[in-house]
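Peer 1: My structure is below; once you've seen it, I'll send some questions.
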Amino acid sequence: MSSNVSKESVLRIRNFVEKYCAKSGTTTHPDADITEAVVLGLAHHHETLGKPLCPCRFYPSKEEEIKHRTWICACDDMQIYKYCHCLLFVNDDGLPITEYLPEDHEGRKAHGLVKDPTPDLGRPLRHKAEEREKERIERPS
Ligand code: SF4
């Protein structure tokens, strides 16, 4: 799939990732192949769906999913909890930040407690956690 992605789309996503790292106080993964795979997946979705839908999840219908903003990068989990399950935005050790996740969240179970090295940055939608958890129950995606 990703081989069909245009150079422009890839550059656009790379540019977004660089800016979003700075804005959120995160970094890309030390393994550049991980970053590249996610970037190509986002670029592919941007081209085929018109939105950079998160490439690391399964959706019964991508067209339906993009009507919500939940998994459009930077997704709600990133903007609320600073958690990126694709490992695109991580700390210097390549771990996703899990500090703000609810304790029963899959990210906490998978990675344990990972503190935020830059608590003053990111999480512009932090006030939406309650809404997000309601959605997680009512519209699991
Ligand atoms: S988990 Fe969220 S922030 Fe990370 S790549 Fe997917 S949409 Fe983007």
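Rule-based calculations on the coordinates, nothing more; no lab input. Just so you know, these numbers come straight off a predicted model, no measurement behind them. Note: ideal-geometry Cβ built from the backbone for every residue, glycine included; neighbour counts use all protein chains shown.
Peer 1: Loop-only chymotrypsin sites (Phe, Trp or Tyr not before Pro) in the range 29-95, please: DSSP not H, G, I, E or B, and at most 11 other Cβ atoms within 10 Å.
Peer 2: Details: sites: 58, 71, 81, 83, 89; in loops: 58, 71, 83, 89.
Passing both the DSSP loop test and the Cβ count: 58.
Peer 1: Going by C-beta contacts inside 10 Å, put 125, 53, 11, 88 in order with the fewest on the left.
Peer 2: Fewest-to-most ranking of 125, 53, 11, 88: 11, 125, 53, 88.
Peer 1: Okay, moving on. How would you classify the range 2-138 from its alpha-carbon gyration tensor, with a ≥ b ≥ c the square roots of the eigenvalues: rounded for a/c under 1.5, else prolate if a/b is greater than b/c, otherwise oblate? Could the numbers behind the result be given before it?
Peer 2: Details: a/c = 1.78, a/b = 1.22, b/c = 1.46.
In terms of gyration-tensor shape, oblate.
Peer 1: Based on Cβ point charges of +1 for Lys and Arg and -1 for Asp and Glu, what charge dipole magnitude is obtained for the range 2-138 about its Cα centre, in debye rounded to the nearest 20?
Peer 2: Values: 20 positive and 24 negative charges, 78 e Å.
Result for the range 2-138 is approximately 380 debye, rounded to the nearest 20.
Peer 1: Another one. What ³J(HN,Hα) values, in whole Hz, does the Karplus curve 6.51 cos²θ - 1.76 cosθ + 1.60 give for the range 112-119 when θ = phi - 60°, with x put for Gly and Pro?
Peer 2: Karplus values, whole Hz, x for Gly and Pro: x, 8, 10, 6, 7, x, 10, x.
Peer 1: Which links in 67/109; 7/115; 23/51 stretch past 26 Å when you go from one Cα to the other? Could the numbers behind the result be given before it?
Peer 2: Details: 67/109 29 Å; 7/115 35 Å; 23/51 20 Å.
Flagged as over cut-off: 67/109; 7/115.
Peer 1: If I stretch the segment between residue 22 and residue 69 completely, what's the gain in nm (0.36 nm per residue apart, minus their alpha carbon distance), one decimal? Mind showing how you got there, number by number?
Peer 2: Numbers: separation 47, 0.36 × 47 = 16.92 nm, distance 2.19 nm.
Extra length available between residue 22 and residue 69 comes to 14.7 nm.
Peer 1: Lys and Arg at +1, Asp and Glu at -1: add these up for the other residues within a Cβ distance under 12 Å of residue 131 and post the number. Please list the in-between numbers first.
Peer 2: On the way: positive: 69, 126, 128, 132, 134, 136, 139; negative: 76, 130, 133, 135, 138.
Computed value for this residue: +2.
Peer 1: For the range 4-108, which GluC sites (Glu not before Pro) are both in a DSSP coil and crowded by at most 10 other Cβ atoms within 10 Å?
Peer 2: In loop regions of the range 4-108 (DSSP not H, G, I, E or B), the sparsely surrounded GluC sites (Glu not before Pro) are 103.
Peer 1: How large is the helix-only mean residue ellipticity at 222 nm for the chain, computed as the sum of -39500 (n - 2.57) over DSSP H runs with n ≥ 4, divided by its residue count, in deg cm²/dmol to the nearest 500?
Peer 2: On the way: 6 runs with 62 residues, N = 141.
That comes out to -13000 deg cm²/dmol.
Peer 1: I'd like the distance separating the alpha-carbon centroids of the range 1-34 and the range 70-141, in whole Å.
Peer 2: Using only Cα atoms, the two centres lie 18 Å from each other.
Peer 1: Once both labels are modelled 7 Å past Cα along the beta-carbon direction, what's the residue 128-residue 31 spacing in nm?
Peer 2: Simple spin-label model gives 3.0 nm for this pair.
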